[in-house]
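First comes the structure, then the notes that go with it.
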Amino acid sequence: MTLIGEQQPPPPPRGPGVFPPFPAPPVEGRGRRLGMGFGIGVTVLVLACGGGVAAAAGLVTVMGSALSEQAEVVVGDYFDALQDREWAQAYDMLCQKAKDSETESEFIGRVSSDKPIATYEVGDVELVQLSTPVDVTYTDGDTAELRAYLGQNRETGGFEVCSVEE
């Protein structure tokens, strides 16, 4: 019974079977789109990493070739000076360690008594030992296989001959 002037409580909300005012998000195809997204992402990552590895390998190859070329030039210049009997010029091409262990006059005395060089051929540089083989032919026809060991000048960064051994 309702009394006059009493207010009634609001009616209860609608129960099951009520339709929402918007449609539910689609669920079919969601796994395939997610898989495609991951696949494309992995492909891009592999291509980027593969490109980085290829670039690094190319850089190592180019740097190795440049170092080999520089070392061959330095050794060639040193042996040119010996071949031309330019002892002071050859001494100037030595690394500081070699100059500290032998004066210019001692060096000239030692190398001037060696057989004159007719021809020489500089081989490939071994970057681990920082050395290169040199096949020498002397004017009397004798041959020798020498190894030139290199050092790096700390000021210029260029290579210098430190020693030549049989």
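The values are calculated or read from the model by the stated rules, or taken from the named source; none is laboratory data. Fair warning: this is a prediction, and the values are worked out from it, not measured in the lab. Virtual Cβ from ideal backbone geometry, glycine too; neighbours counted across all protein chains shown. Calculation scope for accessible area: heavy atoms of the full protein, side chains included, ligands and nucleic acids excluded. Shrake-Rupley method; radii C 1.70, N 1.55, O 1.52, S 1.80 Å.
All of 104, 126, 72 fail the test of being out of contact with any Ser or Thr (no Cβ under 6 Å at 6 or more places or on another chain), surrounded by 13 or more Cβ atoms within 10 Å (Cβ to Cβ) and at pLDDT 90 or above, apart from 104.
Of all the listed residues (90, 48, 81, 98), the sole one being of a type outside the set (S, T, N, Q) and modelled with pLDDT under 85 is 48. Check whether at least one residue in region 80-90 is surrounded by 13 or more Cβ atoms within 10 Å (Cβ to Cβ), under 25 Å from the mean Cα position of the chain (by Cα), under 16 Å from residue 159 (Cβ atoms) and not hydroxyl-bearing (Ser, Thr, Tyr), and report yes or no. Taking every residue of region 80-90 in turn, none turns out to be surrounded by 13 or more Cβ atoms within 10 Å (Cβ to Cβ), under 25 Å from the mean Cα position of the chain (by Cα), under 16 Å from residue 159 (Cβ atoms) and not hydroxyl-bearing (Ser, Thr, Tyr).
Criterion applied to 12, 16, 26, 21 was being part of a loop (DSSP other than H, G, I, E, B), over 30 Å from residue 129 (Cα atoms), modelled with pLDDT under 75 and open to solvent by less than 100 Å² (accessible area, probe 1.4 Å), and the one residue passing it is 26. Annotation note: Cβ proximity below 7 Å between a residue of region 72-95 that is more than 15 Å from residue 148 (Cβ to Cβ) and of a type in the set (Asp, Glu) and a residue that is open to solvent by 60 Å² or more (accessible area, probe 1.4 Å) and part of a helix (DSSP H, G or I) (sequence gap 6+ or interchain) occurs for no pair. With respect to (1) surrounded by 10 or more Cβ atoms within 10 Å (Cβ to Cβ); (2) in a loop (DSSP other than H, G, I, E, B); (3) of a type in the set (Lys, Arg), the lone exception for residue 154 is condition (1). Please find, within region 34-66, the residue that is nearest to the chain's Cα centre (by Cα) out of those that are closer than 30 Å to residue 120 by Cα and open to solvent by 60 Å² or more (accessible area, probe 1.4 Å). Going through the qualifying residues, I end up with 60.
Does residue 134 satisfy being open to solvent by less than 20 Å² (accessible area, probe 1.4 Å) and either farther than 30 Å from residue 60 by Cβ or among the polar types (S, T, N, Q) (or both)? When the stated conditions are applied, residue 134 does not pass them. Report yes if residue 115 is in a loop (DSSP other than H, G, I, E, B) and touching a residue at least 24 places away in the same chain (Cβ under 8 Å), otherwise no. Judged against the criteria, residue 115 is a match. Within region 79-95, the residues that satisfy the criterion of being part of a helix (DSSP H, G or I) and in contact with a helix residue (DSSP H, G or I) (Cβ under 6 Å, 6 or more places away or on another chain) are 81, 82, 87, 89, 90, 91. The sole residue among 132, 137 that is part of a strand (DSSP E or B) and either farther than 30 Å from residue 64 by Cβ or within 35 Å of the chain's Cα centre (by Cα) (or both) is 132.
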